[in-house]
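Data block below; observations after.
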Amino acid sequence: MNKINPSLIVSDGCGNVVDIEEYNAVGMSGNRIVDIPPDEWIPLPNGSQLMELPGRLPVGRDRDSGEIITLETDGSEKVVAVAAFVAPAYTVGYHTAWETLPEAPVLPLYAYTAVGWHHGQFYVPALRIDGSIRQDPSQFNTNRINKAAETVLQKYPDNRLASHLVKNCALTYHCPAALNYLLNRWEMPLPTSQVCNSACLGCISLQKYSGVCSAQFRIDFTPTAAEIVEIAVPHLETAPEPVVSFGQGCEGEPLMNAKLLIDTVRGIRKRTSKGTINLNTNASLPDRIAELRDAGLDSMRVSINSVRNKFYNRYFRPKNYSYDDVLKSIRIMKEKQGFVSINLFVFPGFTDQPDEVMALEDLIREYHIDMIQWRNLNIDPEWYWEEMNPPEQEGIGIRNMIDHFKENFPDLHHGYFNPTT
């Protein structure tokens, strides 16, 4: 692998980016400015985006002096920090480095990856954690999608969930899972819940008083079991590697509609035994998890920012449940021979703190976790760090952490997407 040291990227505040050859790009691990290992840079993946960061000055390392320097506006030449939002299937190792100016706004809900320029192309510190092409931009043809949308709407004219998946999820938000549903392949989303029993700091469907906007609106109705079964069964019967998943970005917590989910799972399994029925969840209601598994639920993906109780609570801000309930749900699902993934919200410098690594090891050993989905946490890094207020402990590096778990848990699966079990 080539060892490279990209130059710093900055913006002029109008969307135009340039590299500054005199400075090396550096990264953030937690609240520390760090040099990014040369062998962790990869070309910016297709489907990624560059973002300029309002109210934030770029920070780099002077190649000559070796000093960390904040670049400031000089006369009429404005400079603004730049980050990359990396495409799905990639886990990032470092945030971009900046200095925040007074009155800077809270950043929208994205993951702010370091980015540099080397030999004619952009580079980011990231790792392709999942080989599946299911959300690669090359897999989505606009003409095919538009034709498929018309077909679905004509086939299910009275199905509100089908209409929601087409008009809102696929054609408005361009949700890759909804687009794959239209193209009859892989994982299909099944949103149901308008409410939630968490008040997650970085919730993408509901933000109040945080200064940031929701990335998308929640579903505004509750589909019936008949509506869900009507469109889920054909997908499971005909799609390659079929998965249908409750728990999406456009909803709250699906367990708030547990009876609906149980009736739906039973209805699906009365008509087909094919494919995987999955639940993306906060796993807050253990008894309901037991009922869902008995009804035919195959897999459960549990979202967790930290396996340390106090930091879990600071992010999820649970209502009428505890982290112990989450652990109980995991135990029940495993005792009933179900598949359990941890949807780990990766935050460089926090997720890879030694105490967090050890706690995750204990969780995997005790509960026999099947898979870690290494997903980048979309949130303003400074906001998250302030809210978590973790101990001063240097991270071991996200890539080092992943390598550590691969070596020490050879049966553990690693990825980004829900697999067919």
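The values are calculated or read from the model by the stated rules, or taken from the named source; none is laboratory data. From a predicted model like this one, the values you see are computed outputs, not experimental measurements. Ideal geometry is used to build each Cβ from the backbone, glycine not excepted, and the neighbour counts take in all protein chains shown.
What the table shows:
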item	result
Test result for ASN46, farther than 16 Å from SER7 by Cβ and surrounded by fewer than 24 Cβ atoms within 10 Å (Cβ to Cβ)	yes
Cβ pairs under 9 Å, 6+ apart, first in the stretch 136-152 and part of a helix (DSSP H, G or I), second charged (D, E, K, R)	GLN139/ARG185; ALA149/LYS167
Hey, VAL233 assigned by TED's automatic domain parsing to the domain that holds ASN168 and either buried (at least 21 other Cβ atoms within 10 Å of the Cβ) or without any contact (Cβ under 8 Å) to a residue 40 or more places away in the chain (or both) or not	yes
Residue selected from the stretch 197-213 under the condition touching a residue at least 12 places away in the same chain (Cβ under 8 Å) and within 30 Å of SER132 (Cα to Cα), by the criterion surrounded by the fewest Cβ atoms within 10 Å (Cβ to Cβ)	LEU206
Residue in the stretch 59-109 that is farthest from the chain's Cα centre (by Cα), counting only those that are in a loop (DSSP other than H, G, I, E, B) and closer than 23 Å to ASN400 by Cα	ALA97
Filter result for the condition that a residue is touching a Lys or Arg at 6+ places or on another chain (Cβ under 7 Å) and either of a type in the set (A, V, I, L, M) or crowded, with 23+ Cβ neighbours inside 10 Å (or both), over LEU344, LEU377, LEU360	LEU344
Positions within the stretch 274-285 being part of a strand (DSSP E or B) and aliphatic (A, V, I, L, M), in sequence order	ILE277, LEU279
Selected residue [crowded, with 22+ Cβ neighbours inside 10 Å, over 23 Å from the mean Cα position of the chain (by Cα) and part of a helix (DSSP H, G or I)] from ARG269, ARG288	ARG288
Candidate set from the stretch 3-23 (those that are in contact with a Pro (Cβ under 7 Å, 6 or more places away or on another chain) and assigned to a strand (DSSP E or B)); member that is nearest to PRO391 (Cα to Cα)	LEU8
Condition met for TYR110 (more than 27 Å from SER303 (Cβ to Cβ) and aromatic (Phe, Trp, Tyr))	no
Any chance ALA226 is assigned by TED's automatic domain parsing to the domain that holds TYR384, surrounded by fewer than 17 Cβ atoms within 10 Å (Cβ to Cβ) and not in a loop (DSSP other than H, G, I, E, B)	yes
Unique match (being touching a His at 6+ places or on another chain (Cβ under 9 Å) and small (Gly, Ala, Ser)) among GLY275, GLY252	GLY275
Scan of the stretch 237-263 for residues that are without any contact (Cβ under 8 Å) to a residue 40 or more places away in the chain and either buried (at least 17 other Cβ atoms within 10 Å of the Cβ) or in a strand (DSSP E or B) (or both), ordered by number	ALA258, ILE262, ASP263
Any hit, the stretch 104-114, residues being touching a Pro at 6+ places or on another chain (Cβ under 7 Å), surrounded by 22 or more Cβ atoms within 10 Å (Cβ to Cβ) and of a type in the set (Gly, Ala, Ser)	yes
Residue satisfying all of: in the stretch 308-324; charged (D, E, K, R) and either outside the structural domain of LEU201 (by TED's automatic domain parsing) or touching a Ser or Thr at 6+ places or on another chain (Cβ under 9 Å) (or both); surrounded by the fewest Cβ atoms within 10 Å (Cβ to Cβ) among these	LYS319
Some residue of the stretch 45-54 being assigned by TED's automatic domain parsing to the domain that holds LEU109, more than 18 Å from the chain's Cα centre (by Cα) and in a loop (DSSP other than H, G, I, E, B)	yes
